[in-house]
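Scroll down for the structure; my scribbles are underneath it.
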Amino acid sequence: MKVLVTGATGFIGYYVIHKLLKSNNTVIASDVSEEKAKEKDWFQQVKFVEHIIGNETDENHFEKFQRPDVMIHLAWQGLPNYRSLFHFEENLPKQYFFLKKIIETGLKDLTVAGTCFEYGMKTGCLSEDMLPEPANPYALAKNSLRLFLEELKNFSSFHFKWIRLFYLYGKGQNPKSLLAQLDIALEKGETVFNMSGGQQVRDYLPVEEVASNIVAVALQHKITGIVNCCSGQPITVEQLVKQYLDKKKKTIQLNLGYYPYPDYEPMEFWGDNSKLEKILKAK
């Protein structure tokens, strides 16, 4: 299988490429900088195509990206600022026209990374059949891209999977994220770790498992449409941090309540992963 991965040098892209290579797929990796890609340990094992989304020409995109059988689209600019108008004023049209070009020139199987934020401020267990109510510019742009691509299917035939990512963690994640900040504090030998109250309920997976799930969804087309990528197991942020510390056999005092809870997401939500489980069991 020949698989194109955009956003190849990103946090998730790194693990997706390794998973694909372990499964003996031919990988075409794409990102904005070949120099950055050369720093990755997978570079010599892939075919790399440098590309800046939004700088398209009239060339045949399907040919440019070496006629992939499947495309996993992870590229998205402007994160982690979820509130920036950039997401739907600039990034959304660039993303859509980029994907439209490669579909119209030959791509038949597309998987795109979405976000659990598309559900909006709903609480409890979130399933794919729920009506999305995005409550920030990033989520609005992502959900709009999904709708645009669903409409495009009426004009171009292709298999389409939209993976709503929940929370993930692992080596290489944004240094401003919770567990990355915790690792920094531990490395510095700090005795106190400042965090929120920790009672918000979330759904977490290690990035290695997320990458494996993405590949599993992308390389099949019996189950299409929206697929939650999540554990299905609610956990408080405080519990997550304590479990992480236990696994690393480390201790540090948690200064709960130092930071306010974010106002762009509900206090309690997690994902229904039954659709994902059907895909994984069918492998």
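The values are calculated or read from the model by the stated rules, or taken from the named source; none is laboratory data. Keep in mind that this is a model prediction, so the values were computed, not measured. Using ideal geometry, Cβ is built from the backbone for each residue, glycine included, and neighbour counts are taken over all protein chains shown.
Would you please name the residue that is farthest from residue 137 (Cα to Cα), looking only at residues in segment 50-84 that are among the β-branched types (Val, Ile, Thr) and surrounded by fewer than 18 Cβ atoms within 10 Å (Cβ to Cβ)?
Within segment 50-84, the subset among the β-branched types (Val, Ile, Thr) is 52-53, 57, 70, 72.
Among the residues that remain, those that are also surrounded by fewer than 18 Cβ atoms within 10 Å (Cβ to Cβ) are: 52, 57.
Values: 52: 22, 57: 28 Å.
Ranking the candidates gives 57 first.
Can you tell me which residue within segment 119-128, out of those that are in contact with a helix residue (DSSP H, G or I) (Cβ under 9 Å, 6 or more places away or on another chain) and outside any loop (DSSP other than H, G, I, E, B), is nearest to residue 233 (Cα to Cα)?
Here is the first cut: in segment 119-128, the ones in contact with a helix residue (DSSP H, G or I) (Cβ under 9 Å, 6 or more places away or on another chain) are 119-120, 126-128.
From what's left, outside any loop (DSSP other than H, G, I, E, B): 119, 126.
Working: 119: 17, 126: 12 Å.
Checked segment 119-128; the qualifying residue nearest to residue 233 (Cα to Cα) is 126.
Just to be sure, is residue 228 in a helix (DSSP H, G or I) and either in contact with a strand residue (DSSP E or B) (Cβ under 8 Å, 6 or more places away or on another chain) or free of Cβ contacts under 8 Å to residues at least 24 places away in the same chain (or both)?
Criteria not met by residue 228.
Quick grid of which residues meet (1) under 19 Å from residue 91 (Cβ atoms); (2) in contact with a Ser or Thr (Cβ under 8 Å, 6 or more places away or on another chain):
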{"site": "8", "(1), (2)": "yes, yes"}
{"site": "18", "(1), (2)": "no, no"}
{"site": "21", "(1), (2)": "no, no"}
{"site": "40", "(1), (2)": "no, yes"}
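Out of 113, 185, I need the residue that is within 24 Å of residue 279 (Cβ to Cβ), of a type in the set (A, V, I, L, M) and in contact (Cβ under 8 Å) with a residue 60 or more places away in the chain. Which one? Full working, then the answer.
Numbers: 185 fails: within 24 Å of residue 279 (Cβ to Cβ).
Step by step, each of 113, 185 is checked, and only 113 is within 24 Å of residue 279 (Cβ to Cβ), of a type in the set (A, V, I, L, M) and in contact (Cβ under 8 Å) with a residue 60 or more places away in the chain.
What residue, of 5, 16, is out of contact with any His (no Cβ under 6 Å at 6 or more places or on another chain), surrounded by 14 or more Cβ atoms within 10 Å (Cβ to Cβ), assigned to a helix (DSSP H, G or I) and at pLDDT 95 or above? Steps first, please.
Details: 5 fails: assigned to a helix (DSSP H, G or I).
After ruling out the rest, the residue left standing is 16.
Collect the residues in segment 189-225 that are outside any helix (DSSP H, G or I), within 18 Å of residue 118 (Cβ to Cβ) and among the hydrophobic types (A, V, I, L, M, F, W, C), keeping them in residue-number order.
Passing the criteria: only 205.
Anything in segment 121-141 that is of a type outside the set (A, V, I, L, M, F, W, C) and in contact (Cβ under 8 Å) with a residue 40 or more places away in the chain? List them, or say none.
Start the filter on segment 121-141 by keeping residues that are of a type outside the set (A, V, I, L, M, F, W, C), which leaves 122-124, 127-129, 132-134, 136-138.
Of everything in segment 121-141, those that are of a type outside the set (A, V, I, L, M, F, W, C) and in contact (Cβ under 8 Å) with a residue 40 or more places away in the chain turn out to be 122, 123, 124, 127, 128, 136, 137, 138.
Select from segment 19-42 the residues that are closer than 13 Å to residue 218 by Cβ and outside any loop (DSSP other than H, G, I, E, B) and list them in ascending order.
Within segment 19-42, the subset closer than 13 Å to residue 218 by Cβ is 19-20, 23, 25, 27.
Within segment 19-42, 19, 20, 27 meet the criteria.
If you take the residues in segment 68-91 that are in a loop (DSSP other than H, G, I, E, B) and touching a strand residue (DSSP E or B) at 6+ places or on another chain (Cβ under 7 Å), which one is nearest to residue 214 (Cα to Cα)?
Let us first name the residues in segment 68-91 that are in a loop (DSSP other than H, G, I, E, B), namely 68-69, 74-85.
Filter once more, so that each one left must be touching a strand residue (DSSP E or B) at 6+ places or on another chain (Cβ under 7 Å): 68-69, 74-75.
Values: 68: 17, 69: 16, 74: 10, 75: 14 Å.
Selected residue: 74.
Let me spell it out: the conditions are (1) farther than 30 Å from residue 58 by Cα; (2) within 18 Å of the chain's Cα centre (by Cα); (3) among the polar types (S, T, N, Q), and residue 123 meets all of them except one. Which number is the exception?
That leaves (2) as the condition not met.
Under the condition of being among the polar types (S, T, N, Q) and within 18 Å of residue 6 (Cα to Cα), which residue from segment 187-232 is surrounded by the most Cβ atoms within 10 Å (Cβ to Cβ)? Spell out the reasoning first.
The first filter runs over segment 187-232 and keeps only residues among the polar types (S, T, N, Q), leaving 191, 194, 196, 199-200, 212-213, 220, 224, 228, 231.
Still in the list and also within 18 Å of residue 6 (Cα to Cα): 212-213.
Details: 212: 20, 213: 23.
Across segment 187-232, the extreme among qualifying residues is 213.
Starting from residues that are of a type in the set (Gly, Ala, Ser) and not assigned by TED's automatic domain parsing to the domain that holds residue 117, keep the ones in segment 182-229 and report whichever is farthest from residue 171 (Cα to Cα). Talk me through it step by step, then tell me what you get.
Taking segment 182-229 and keeping what is of a type in the set (Gly, Ala, Ser), we get 185, 189, 196-198, 211-212, 216, 218, 225.
Right, trim to not assigned by TED's automatic domain parsing to the domain that holds residue 117 and you get 185, 189, 196-198.
On the way: 185: 15, 189: 19, 196: 22, 197: 25, 198: 22 Å.
That would be 197.
Hey, could you check segment 237-280 for residues that are hydroxyl-bearing (Ser, Thr, Tyr) and over 15 Å from residue 182 (Cβ atoms) and say which is modelled with the lowest pLDDT?
Looking only at segment 237-280, we keep the residues that are hydroxyl-bearing (Ser, Thr, Tyr), and these are 244, 251, 258-259, 261, 264, 274.
Checking which are over 15 Å from residue 182 (Cβ atoms) leaves us with 261, 264, 274.
On the way: 261: 93, 264: 83, 274: 98.
Looking at residues that are hydroxyl-bearing (Ser, Thr, Tyr) and over 15 Å from residue 182 (Cβ atoms), I get 264.
Here are 107, 149, 131: which of them is in contact with a strand residue (DSSP E or B) (Cβ under 7 Å, 6 or more places away or on another chain), in a loop (DSSP other than H, G, I, E, B) and aliphatic (A, V, I, L, M)? Break it down into steps so the answer makes sense when it comes.
On the way: 149 fails: in a loop (DSSP other than H, G, I, E, B); 131 fails: in contact with a strand residue (DSSP E or B) (Cβ under 7 Å, 6 or more places away or on another chain).
Only one candidate passes the filter, namely 107.
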